[in-house]
Amino acid sequence: MLLLLLAAHAVVGALLLLGAGRLGRRAFVVGALPMLATLAAVATQWATIVDGGVVTSSMGWVPALGLQADARLDGFSMLMVLLVSGMGVLVLAYGASYFSDTARSGRIAGLLVLFAGSMLGLVLADNLGWLYLCWELTSVTSFLLISGNQATAQQRTAGLQALLVTGAGGLVMLAGMIVLAQGAGTWSLSELIASPPSGGTTGAGLALVAVGILTKSAQYPFHFWLPGAMVAATPISAYLHSATMVKAGIYLAARLAPAFATVGVWRPAMVTIGLVTMVAGGLRALRQNDLKLLLAFGTVSQLGFLLVLASLGRSEATLAACVLLLAHALFKGALFLVVGLVDHQAGTRDRRELPVLGRGWAPVQVIAVVSGASMAGLPPLLGFIAKEAAYEAFVHGGTWNQVALGVLVIGSALTFAYTVRFLAPLVRRSAPAGVTDRKVAAEPSPVPPALRFTAPAALLALGTLSLGLAAGPLGDDLIGAAATSLDPAVGHPHLKLWHGLNVPLLLSASAVALGVLLVLLGERLERVQQALAPPMRGDEAFADVIGGLGTFARRVTAVVQSGSQPAYLAIILLWVVWLPTLSALHAGGVPDLPAFDVLPAHVVLGATIAAGSIAVAAARRRFAAVLLLGAVGYAIALLFAVQGAPDLALTQFAVETLLVVVFVLVIRHLPEEFRPQRNRLGAALRLLVSAAVALGVFTLAMLTSGGSSDRPTSAAIVAQAKPEGGGANVVNVILVDVRGLDTLGEVTVLAVAAVGVTALARIGRRPTTGARS
């Protein structure tokens with residue numbers, strides 16, 4: 001069932017891309033069908049998952065390598081599936097009103113469905129290879145969605161930046177997965193977690209996997225790609241960069257932490273990076289005037305908060321991570337959709353230029369205030385419950401816990417401050433002081449959005465309010481199943497809004513008070529930030545790195561690609577000959593020379609080949625050199641025939657004939673004689689290279705001859721030709737069955753050579769254009 005749902009997303013997404021021009025905005029309705037089917041399928045398994053059960057589905061992928069397309073639905077996967085599919089349906093419904101009725105809308109809908117399928121495959125994967133494949137598919141589809149139709153250089157740059165950062169991190173993560181899989185003896189994620197490997201390589205593998213987690217979840221110093229991705233349309237940002245794609249890293253960290261948190265430097269490193277990201281992202285959000293960029297840096301900050309909880313590996317933190325994961329998707333998704341409503345109707349999302357919103361905007365303002373309050377961690381909303389649970393996870397413990405708890409409070413205060421900065425231009429009733437020159441006060445209120453345009457954001461805001469007021473009845477089963485599937489020690493939690501007067505409540509009040517102080521500081525805090533800001537932003541450093549790589553590549557190319565054909569040939573011949581020769585010497589040493597069984601024909605043909613080769617090198621006329629070279633080739637063919645290899649001899653005859661014809665066709669357009677060599681050093685170098693190649697070939701021939709087996713492979717092939725290949729002709733069996741791909745390559749080479757010869761032959765008959773009479 002699970003794999004069929006993934007296939008449905010792939011099929012529907014591909015069909016939408018093919019029919020984008022005909023469907024237009026109707027593609028969003030069609031695109032919602034596989035997501036609705038996924039929600040319905042999960043609903044049928046709700047009771048099983050909540051009771052601790054697991055639903056699996058499997059299909060052979062690359063059985064020889066032990067790779068399976070294994071899907072596994074447990075409590076945590078169910079939470080992620082509900083977020084991916086539920087948010088997907090709402091975003092597609094929102095997009096039907098946001099986008100115009102053009103082929104671009106159909107293309108975006110198709111890519112969103114493909115992305116949703118990739119994300120579902122990632123959170124359902126129980127095989128590391130399958131997980132990595134889906135991980136990279138989310139990066140590719142994200143690149144296509146960010147780049148749009150590549151109308152602007154900014155879109156192309158942002159898409160490429162996101163692809164390179166997350167793709168490079170994914171490659172590093174793949175290396176870590178291979179190390180962990182080899183150490184555990186399995187590619188199954190659930191088996192890896194149930195029986196984690198030990199040893200020094202496990203720590204190295206985890207460190208490599210952590211790089212992929214950090215890049216995907218936009219942690220410092222890899223955060224810069226996420227704000228850059230805000231050039232994408234707002235529905236895309238709401239879906240990919242707040243609710244789903246950026247949670248992939250958090251998802252994997254939460255999966256691995258209960259089993260590996262104490263291995264190596266996982267816990268201190270991941271928690272420290274998460275705390276730095278939370279504070280740094282919050283500070284950057286306080287400097288933004290673009291409401292969408294403000295939310296983007298706020299998302300970076302919240303992702304740092306999530307990483308701290310997800311990677312800690314303790315049951316209390318795991319529970320808090322699951323609550324915050326759900327809360328963040330609800331309030332941040334709603335806020336992004338609100339920005340899209342304002343930008344779509346008002347034509348701007350700059351908080352300084354936004355006109356006063358009239359009474360018709362009251363529903364949007366209520367949605368913004370409710371969702372913003374949840375982001376700030378105010379009661380009675382789900383964000384408040386998540387923040388209290390996070391504080392509870394750090395209240396008890398040593399100095400390290402207390403330091404981390406203090407940083408979390410500071411990060412929460414920054415969240416409150418940038419939430420106020422976000423909401424202020426949306427709810428104000430008059431133009432702010434000092435901006436009348438921008439004619440904000442004189443601008444009429446933009447037309448309010450239609451109800452169907454506002455409904456998706458309203459449902460998300462209603463969700464964060466309902467789960468806050470009735471956290472126990474509505475959220476216990478889902479959050480409990482998710483947290484328990486990660487760490488059975490979580491047990492059966494009971495979420496509630498009021499826990500009495502306790503330390504987490506006092507910390508929440510302290511965060512709000514500190515946040516109010518930051519709001520009052522206002523521009524003074526912004527000036528301090530600007531003065532203390534680093535001289536280079538992350539995106540600028542990334543651009544410098546890419547530019548430096550380009551400069552390095554050009555300089556290396558200028559050295560190694562000098563344009564000298566003799567130099568190229570010398571390098572190629574020396575590598576092709578001496579690399580296998582040195583490998584053979586290292587592997588088996590110098591064997592005894594093989595016994596020579598010399599016949600009179602061998603002597604004659606050997607002398608002919610040697611004399612012809614010397615004559616070719618000494619020839620001054622090109623035509624004579626071609627004939628002599630052909631004579632050497634024919635003599636070699638006769639040597640093959642004498643040695644009992646008629647098929648090889650026939651091939652050699654055919655090749656030599658073809659080469660002679662090609663050479664004759666070419667030398668008609670070249671001078672009759674070779675240009676004499678005036679550079680004695682160049683001639684000496686050529687002679688040295690020739691001698692080195694000859695010595696290498698001779699050594700390799702002796703090594704391979706001396707290493708021949710007493711029982712040649714040919715005997716086994718002859719014996720198995722009939723039972724295995726089904727043919728009485730041994731040569732045909734070898735060509736078609738044993739050497740099938742080699743034969744295909746040889747046929748291809750001959751076909752290409754034939755095309756080249758035909759083209760060369762036609763050159764001489766081509767009429768000269770532009771000739772004067």
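The values are calculated or read from the model by the stated rules, or taken from the named source; none is laboratory data. Here the structure is a predicted model, which is why all the values come from computation and not from measurement. Note that each Cβ is placed from the backbone with ideal geometry, even for glycine, and that neighbours are counted across all protein chains shown. To get the accessible areas, we keep the full protein, side chains included, count just its heavy atoms, and leave off ligands, DNA and RNA. Shrake-Rupley method; radii C 1.70, N 1.55, O 1.52, S 1.80 Å.
Sorted into 5 angstrom bins from 0, the C-alpha pair distances of the stretch 190-299 split as 2, 11, 21, 21, 16, 11, 8, 6, 3, 1 percent. Put a plus charge on the Cβ of each Lys and Arg, a minus charge on the Cβ of each Asp and Glu, and nothing anywhere else: the dipole of the stretch 573-672 about its Cα centre is then about 500 debye. For the residues ARG104, ARG762, a 1.4 Å probe over the protein chains yields an accessible-area ranking, largest first, of ARG762, ARG104. Take each peptide in 379-390, 156-167, 477-488, count the other Cβ atoms within 10 Å of every residue, and average; sorted highest first, the result is 379-390, 477-488, 156-167. Among the chymotrypsin sites (Phe, Trp or Tyr not before Pro) in the stretch 234-296, none is located in a DSSP loop while being surrounded by at most 15 other Cβ atoms within 10 Å of its own Cβ. Kirkwood hydrodynamic radius computed over the stretch 1-83 comes to 14.4 Å, based on all pairs of distinct alpha carbons. For the stretch 352-428, taking the reciprocal of the average inverse distance between every pair of different Cα atoms yields a Kirkwood hydrodynamic radius of 14.0 Å. Each residue, TYR568 and LEU659, gets one label point 7 Å from its Cα in the Cβ direction; the gap between the two is 1.9 nm. Annotation: Cα Rg of the chain relative to the compact-globule expectation 2.2 N^0.38 Å equals 1.26. In the chain, the longest principal axis of the Cα atoms and the axis of helix 622-642 are about 90 degrees apart. The distance separating the Cα centre of the stretch 98-128 from that of the stretch 235-306 comes to 22 Å.
Temperature 20 °C, viscosity 1.002 mPa s: under these conditions the Stokes-Einstein estimate for the stretch 89-188, based on its Kirkwood radius over C-alpha pairs, is 142 µm² per second.
The packing ranking of peptides 466-472, 561-567, 660-666, 209-215, highest mean first, is 209-215, 466-472, 660-666, 561-567, where packing means the average number of other beta carbon atoms within 10 angstrom of each residue. Between TRP575 and ALA701, full extension at 0.36 nm per residue minus the direct alpha carbon distance yields a gain of 43.8 nm.
For the chain, the longest principal axis of the Cα atoms and the long axis of helix 247-260 meet at an angle of about 90 degrees.
Tell me, what is the FRET efficiency for ARG739 and VAL666 to the nearest 0.05, using R0 = 35 angstrom and their Cβ-Cβ distance as r?
Given R0 = 35 Å and the Cβ-Cβ separation, E is 0.65.
Treating only the Cβ of Lys, Arg, Asp and Glu as charged (+1, +1, -1, -1), what charge dipole size does the chain show about its Cα centre? Round to the nearest 20 debye.
So the magnitude is around 2760 debye.
Extending 7 Å from Cα along the Cβ direction at LEU462 and again at THR551 yields two label points whose distance is 5.8 nm. Close amide H contacts of SER217 (hydrogens built in the peptide plane, cut-off under 5 Å, sequence separation of 5 or more or a different chain): GLY249. Residues whose amide H falls under 5 Å from that of ASP126, counting only those 5 or more places apart or on a different chain, are ASP70, ALA71, ARG72, with hydrogens built in the peptide plane.
As an exercise, use a Förster radius of 30 Å and the Cβ-Cβ distance of GLN720 and LEU750 to find the FRET efficiency, rounded to the nearest 0.05. Numbers along the way, then the final one.
On the way: r = 28 Å, r/R0 = 0.93.
Efficiency, from the Cβ-Cβ distance: 0.60.
Here the spin labels are modelled as points 7 Å beyond Cα on the Cα-Cβ line, and at ALA617 and ASP647 they lie 3.5 nm apart. Taking the C-alpha atoms only, the angle from helix 266-285 to the longest principal axis of the chain is near 60 degrees. Among the lysines of the chain, pairs at least eight places apart or on separate chains and with Cα atoms under 19 Å apart come to 8. Just need log10 I(q)/I(0) for the stretch 287-398 at q = 0.14, 0.16 Å⁻¹, Debye formula, equal scatterers on the alpha-carbon atoms, no solvent, rounded to two decimals. Each listed q corresponds, in turn, to -0.62, -0.76. Value of Rg to Rh for the stretch 574-696, rounded to two decimals, is 1.02; Kirkwood radius and Rg both from alpha-carbon coordinates.
The ARG156 and ALA531 beta-carbon pair, evaluated with R₀ = 25 Å, returns a calculated FRET efficiency of approximately 0.15.
Both the radius of gyration and Dmax for the stretch 38-109 are 17.1, 49 Å, in that order, over alpha-carbon atoms. Mean sequence separation of contacting Cα pairs (under 8 Å, at least six apart), scaled by the length of the chain, corresponds to a relative contact order of 10 percent.
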